[in-house]
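The values are calculated or read from the model by the stated rules, or taken from the named source; none is laboratory data. Since the model is a prediction, treat every value here as computed from it, not as a measurement. Backbone-built Cβ (ideal geometry, glycine too); neighbour counts: all protein chains shown. For accessibility, only protein heavy atoms count, side chains too; no ligands or nucleic acids. Shrake-Rupley method; radii C 1.70, N 1.55, O 1.52, S 1.80 Å.
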Amino acid sequence: MIAGTVAVVTTVTSASLNIDDLALARLRRFNLVMGALHLVSGAFMWLSSNDFVLQVSGFTLKGPPGTPLGDGELFEAFSFPLGAWTAAFLLMSAVAHFFMGTVGFDRYSRELQAGRNRIRWVEYSFSATLMILLISLVTGITDVAALIAIAGANVAMILFGWLMETVNPPGRPVYWSPFWFGCIAGAAPWVAIAVSITLGIAETGEGPPGFVYGILVTIFVLFNCFAINQWLQYRGVGRWRDYLHGERVYMWLSLVAKSLLAWQIWGNTLIG
């Protein structure tokens, strides 16, 4: 039984794609260009944004479990500097792209030859999680415990993406469970945001500002495009039969999603 398991693992890890040097060189340049675009946007956000902050709150009951919520106390746990953290998720992407295009290029090449890119998923686990936290805050979810749970669900989604690529090397039947589990984990933050907005409207009759709805729609659509891109890769649909096409789509989606979120926030809250 153990010998059989070892044989399977050996087969999985030895599978590879046949990617020529020219294609890798083009991807190297593409990463450097993408890194530069993220760097310019992130630096601009950092230097031009005002000192606007969002408060992260905590809540404590003044009594045993079951004490009425009105007897509790809401307090500020810490502040979230919106400009700095908006710049941060852009700069995280810049660092990852420059790493893959320079000192980490050999590792990046080996990852692509194996039909995966774990460097991408590491970067997403930080940058995409920061993005969903920022979206949660601007829609009114400020409780520190809720934000930790949202972050955990988003990181789980990203790691399922990592697992999807790791357990599906080239030339083997596709194992879809990590993909669907990732979709479930990834839906949780958006359900929390939708419920929070709905309850807030029901309680006060007012919703968040109009630009917040714009952020929700655009980033929700783009987040789902990442899942669609992976689905197309492993279904082998059209140009997605080439793993590198999906890799390039991931890079474009990352640039567009991060740029749209950053510029929408900057244009509505961080000018000045």
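Scoring residue 269 on the criteria (1) among the hydroxyl-bearing types (Ser, Thr, Tyr); (2) touching a Phe, Trp or Tyr at 6+ places or on another chain (Cβ under 8 Å); (3) at pLDDT 95 or above leaves a single failure, condition (3). Pairing residues of region 88-114 that are open to solvent by 60 Å² or more (accessible area, probe 1.4 Å) with residues that are among the β-branched types (Val, Ile, Thr), at Cβ distances under 8 Å and at least 6 apart in sequence or on separate chains, gives 99/119; 107/119.
Scan region 61-69 and give yes if some residue there is assigned to a strand (DSSP E or B) and open to solvent by 60 Å² or more (accessible area, probe 1.4 Å), otherwise no. Yes: one or more hits.
State the number of residues belonging to region 110-139 that are among the aliphatic types (A, V, I, L, M) and more than 8 Å from the chain's Cα centre (by Cα). So the answer is 9. Scanning region 230-272 for residues that are more than 22 Å from residue 158 (Cα to Cα), crowded, with 16+ Cβ neighbours inside 10 Å and not aromatic (Phe, Trp, Tyr) returns 264, 265, 269, 270. Counting only residues that are closer than 11 Å to residue 222 by Cα and among the basic types (Lys, Arg), region 243-260 holds 1 of them. Scanning region 213-222 for residues that are of a type outside the set (Ser, Thr, Tyr), open to solvent by 30 Å² or more (accessible area, probe 1.4 Å) and within 18 Å of residue 133 (Cβ to Cβ) gives a single hit, 220. Among the residues of region 175-229, those that are outside any helix (DSSP H, G or I) and either touching a Cys at 6+ places or on another chain (Cβ under 7 Å) or under 23 Å from residue 124 (Cα atoms) (or both) comprise 175, 176. Selection of region 20-53 for residues being among the aromatic types (Phe, Trp, Tyr) and either open to solvent by less than 80 Å² (accessible area, probe 1.4 Å) or part of a helix (DSSP H, G or I) (or both) yields 30, 44, 46. Going by the structure shown, is residue 198 of a type in the set (S, T, N, Q), modelled with pLDDT under 95, farther than 30 Å from residue 49 by Cβ and out of contact with any helix residue (DSSP H, G or I) (no Cβ under 8 Å at 6 or more places or on another chain)? Yes: the conditions hold for residue 198. Scanning region 124-179 for residues that are farther than 30 Å from residue 198 by Cβ and open to solvent by 20 Å² or more (accessible area, probe 1.4 Å) yields 162, 163, 166, 167, 170, 171, 172, 173, 174, 175, 176, 177.
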